[in-house]
1. Scan segment 127-139 and give yes if some residue there is touching a Ser or Thr at 6+ places or on another chain (Cβ under 8 Å), under 28 Å from residue 40 (Cβ atoms) and among the aromatic types (Phe, Trp, Tyr), otherwise no.
Amino acid sequence: MTGFLVQNSYPLGVFLITFLCSALLTPLSFYLGKKLKLIDYPSTRKHHIIPIPRSGGLLLFPVIAIISLFLIGTGNKELIGILLGGTVFWLTGILDDRFTFRARYKFSGQLIGALILVLSGVLIKGVNTPWGYVTLDGVKYLLTILWIVGMSNALNFIDGLDGLAGGVVIISSIAFYVLAQGRGLTEVSLLSLVIAGAVGGFLLYNFPRAKIILGDSGSITLGYLLGAVSVWGALKRTTISVLVVYAIVLAIPLFDMVFAIIRRKVKGIPISQPDKGHIHHRLLDLGLTPTQTVVILYCVSIVFALIAVYLGGKQFG
């Protein structure tokens, strides 16, 4: 079945509709978080001083899934694959928020979700080189899974200050929308707007000082969605060079993740072990307030998004 907006082309209302749905449902996420004991407690690594529900992702993904299915339709194989894989990430995050999984169990859930995505056909298929197009048949599944799991964890890593991860997702999703629109990819652009709108509604309650935070059900699922949308957008061109443009949009979480892996390897500690060396911690150490840090990283993220949109226009134009 073809979705309503794909048939009728009313994309300007997508952001507002999704924004309002998310804004109205986030208080219910707050209530459910308390009832289900999805609570984040203060610690030396965290900046809230009282327990706070980490259930922001509890209804965020269902809002994205239901609205995108209505707008795009249930007959789109790639969208169904993205949402099925996202469901696994979402459930893994909820269980981790409640029971605090060991890293290997959380990672296993992410691998299963990424595998569902690639089996649906959303893959990094090849790369353009000066010598022509080279297919990646031998490694396309592995490369896509690494990208998806990496993006999921990258966003999870930067989700350390109120509003930071949510704002980065909104900026990235709007950039994805512009890039997809420029190439006539209606479904990709609509899903990007749905993500931006849903997170925008949530951010009303998450910007400092937050009343509710994303939790893993929100952060790893949104990271997954950004990774999946970028691959879906690149899929239509079947070239990894398109994915590079999307990666520029995601420069902050990607850099922070790579630096965290290197830092922890050098120190000889597990990659999954939390620390206070992330980019937002470094800015706080310089004497910035949490809100100042978030705003600065928003600005940097916007700069990277504008660069990506410019390069995308040059590449696809």
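The values are calculated or read from the model by the stated rules, or taken from the named source; none is laboratory data. As the structure is a computational prediction, the values presented were derived from the model and not from experiment. Virtual Cβ from ideal backbone geometry, glycine too; neighbours counted across all protein chains shown.
1. Of all residues in segment 127-139, those touching a Ser or Thr at 6+ places or on another chain (Cβ under 8 Å) come to 127-128, 133.
Filter again for under 28 Å from residue 40 (Cβ atoms), leaving none.
Looking through segment 127-139, none of the residues is touching a Ser or Thr at 6+ places or on another chain (Cβ under 8 Å), under 28 Å from residue 40 (Cβ atoms) and among the aromatic types (Phe, Trp, Tyr).
Matching residues to (1) modelled with pLDDT of 95 or more; (2) out of contact with any helix residue (DSSP H, G or I) (no Cβ under 6 Å at 6 or more places or on another chain); (3) not in a helix (DSSP H, G or I):
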| position | (1), (2), (3) |
| --- | --- |
| 143 | no, yes, no |
| 160 | no, no, yes |
| 179 | no, no, no |
| 195 | yes, no, no |
| 198 | yes, no, no |
| 205 | yes, no, no |
| 210 | no, yes, yes |
| 217 | yes, no, no |
